[in-house]
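Please read the structure below before turning to the comments.
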Amino acid sequence: MKNNNPIWDFFASVKLALFTLFILSITSIIGTVIPQKESAQWYIDKFGESTANLFQILSFTPDMYSSAWFLFLLGLLCLNLIVCSLERFPGVWRQIKADNLNTPVTRLEKMTPQHQWQSPSGPESVASSLKQALNTNGWQAEERKVDDGILLFAQQGAMTRTGVYIVHTSILVIFAGALIGSFLGFKGSVMLPETRSTDKIYAFDTQTPIDLGFEVRCDLFNMEFYANGMPKSYRSQLAILENGKVVKEKAIVVNDPLTYKGITFYQSSYQAYQEFLITIVNKKTGVSESAIIPYQQQQNMPESGIRLGIINAEGQGQSVTRMKIWFNDDNGEPSVFWLDNGEQATVERSTSNYTISAKQMYATGLQVAKDPGVWVVYTGCFLMIIGLIVAFFMSHRRIWLYIREDTDNKSSILMTGNANKNKADFEKKMQLLAQQINTI
């Protein structure tokens, strides 16, 4: 596409692309060095009030990647890629679809590299044999009579000239996926206590409630600790509910999330409560009942009327390792015993025996994300890999063989060709091919 418009020429400029990429690279480094999405007070405490104010004026915080000037740079790069491709692709396509058998013989005689030899056979016989030899070696040859001889042409990798435009397209596809995720997706979090459910989460930046369209429930939260008391791992047993019915269950850990209807729940944090989840099973009747009991408060079980409480606890930090339980079913003196967190014990009473299990209550911290553009981004990344491989490691290679009648019904053969990349390797392969077919 030819255009003498200076504005068009500006947006088609390679210099503009290099400048934009350079600025984006520098600003991306800044966005990496300066933590994003922190509170205003955090930046003041970390960098000082004057520097924090400067960062805010320059839109380096709290989210530089959503700032107007950064989005402008991305838009400028997209526009540059589109205009540059529209400007140059038609010429590349003409090269791909060109009638190479229309190449003047005088031009072929000036091209390098080239090889020449003679054959005792006539031009038509030689052309037929050479064409068959080229086909055998992976070169699909075409034939045409020109001037006083026969011209053969074969090529490989014509479409590799589109490699750079595949890369351009991949970048645009990645940006499109990011926009889809930005406008149609969301990111938020929720702190969900055990046994509780919610149908809402809260946006990271604004804490605005976001309706999920279904419920998520935390049925159980477990933690493992190192010997020094530091958390080793934590796991949440989640359930998805639609119309009050469980439709999906999964135990999630860090880097192993649950996904439902395009919404992904990641295990990110936890919160310990001074409450305990107690389950009592009457071994005589088989009746089981559960309750949440606050620390050092007596609680009546709703069905059996059993009274119990957590009168003492030991632990590390906010996490309880074992607890002292007071139990009374009004049949004899109360039972008092220690129980490890998450374990169970049997309590023998005059009228029945009971199995009691107890654990500290936790809330699981979930990060929740919906990104409908993620597969578009993955597609763009795949296209970019393909485009880079084509652009850097593959080339368009062309060879011509001109056969003309020499004296005494003999034939003179001129072989020449070119490649748009890696010309040294092409010359070696062309020489090898010439050695294979020059006996014809």
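Which three lengths, in whole Å and largest first, does the chain cover when its Cα atoms are put on their principal axes?
Ordered largest first, the chain gives principal extents of 128, 58, 44 Å.
Lys97 versus Ser268, label points 7 Å from Cα toward the beta carbon: distance in nm?
5.1
Residues of the range 38-74 with amide nitrogen under 11 Å from the 7 Å Cα-to-Cβ point of Ile23?
Inside the label zone: 69-74.
Please report the orientation-averaged projected area of the range 6-91, defined via the convex hull of its C-alpha atoms, in nm².
Mean shadow area of the hull around the Cα atoms is 6.4 nm².
In the range 234-292, how does Rg compare with the Kirkwood Rh, expressed as the Rg/Rh ratio over alpha carbon atoms?
Taking Rh as the inverse mean 1/r over Cα pairs, Rg/Rh reads 1.10.
Normalising by the residue count of the chain, find the relative contact order in percent from Cα pairs under 8 Å and 6+ residues apart.
For the chain, the relative contact order is 20 percent.
Over the chain, with a Gaussian network built from C-alpha contacts below 10 Å, which listed residue (Val92, Val287, Val376) shows the highest mean-square fluctuation?
Val287
Which angle from 0 to 90°, rounded to the nearest 10, does the C-alpha axis of helix 374-393 make with the longest principal axis of the chain?
The answer is roughly 30 degrees.
Return the lysines within reach of Lys429: Cα separation strictly under 17 angstrom, same-chain partners fewer than 8 residues apart disregarded; answer none if there are no such residues.
Correct list for Lys429: Lys421.
Obtain the radius of gyration and the Kirkwood radius of the range 78-219 from its C-alpha atoms and give Rg over Rh.
That ratio is 1.41, to two decimals.
Please compute P(r) over all alpha-carbon pairs of the range 186-370, binned at 5 Å starting from zero, and give each bin as a whole-number percent.
1, 7, 15, 17, 16, 13, 12, 9, 5, 2, 1, 0
Please give the peptides 44-50, 251-257, 369-375 ranked by average Cβ packing (other Cβ atoms within 10 Å per residue), highest first, as a rough proxy for protection.
On the way: 44-50: 11.9, 251-257: 13.7, 369-375: 17.6.
Put in order of decreasing packing, that is 369-375, 251-257, 44-50.
Can you tell me the length gained on complete extension of the stretch Thr206 to Lys15, counting 0.36 nm per residue apart and subtracting the Cα distance?
Additional length available on full extension: 64.8 nm.
If you line up the long axis of helix 123-136 against the longest principal axis of the chain, both from Cα atoms, how many degrees apart are they, to the nearest 10?
The answer is roughly 10 degrees.
Show me 405-412, 171-178 ranked by packing, highest mean number of other Cβ atoms within 10 Å first.
Averaged packing, sorted descending, gives the order 171-178, 405-412.
Which residue, chosen from Val374, Pro334, Pro302, occupies the Cα position most advanced towards the positive end of the dipole of the range 258-412, where the dipole is computed from +1 (Lys, Arg) and -1 (Asp, Glu) charges on Cβ about the Cα centre?
Comparing the listed Cα positions along the dipole, Val374 ranks first.
In Å³ and rounded to a whole number, note down the convex hull volume per residue for the Cα atoms of the range 63-128.
Enclosed volume per residue, from the Cα hull, is 181 Å³.
Over all directions, what mean area does the Cα convex hull of the range 203-274 project, stated in square nanometres?
Working: hull surface 26.4 nm².
Computing the convex hull of the Cα atoms and averaging its projections yields 6.6 nm².
Compute, for the range 1-123, the length of the dipole vector about the Cα centre, with Cβ point charges of +1 (Lys, Arg) and -1 (Asp, Glu) only. Units Debye, rounded to 20.
600
Treating only the Cβ atoms of Lys and Arg (+1) and Asp and Glu (-1) as charged, compute the dipole magnitude of the range 186-370 about its Cα centre; round to the nearest 20 debye.
Using only the charged Cβ atoms, the result is roughly 400 debye.
Mind telling me which of Ser25, Ser319, Ser189 comes out most flexible in a GNM of the chain, alpha-carbon contacts under 10 Å?
Result: Ser25 has the largest fluctuation of those listed.
Quick one: angle between helix 68-96 and the longest Cα principal axis of the chain, in degrees between 0 and 90, rounded to 10, please.
30
Please compare each pair in Lys200/Lys261; Lys324/Lys359; Lys200/Lys370; Lys187/Lys261; Lys15/Lys423 to a cut-off of 19 Å on the Cα-Cα distance and tell me which ones are over it.
Beyond 19 Å: Lys15/Lys423.
Between Leu86 and Lys429, what FRET efficiency follows from the Cβ-Cβ distance if R0 is 51 Å, with the result rounded to 0.05?
FRET efficiency, Leu86 to Lys429: 0.90.
We did not get these values from a lab; they are worked out from the coordinates using the rules stated. The shown structure was predicted, so the numbers you read here are calculated from the model rather than taken from an experiment. Counting neighbours? That spans all protein chains shown, and the Cβs are built from the backbone with ideal geometry, glycine included.
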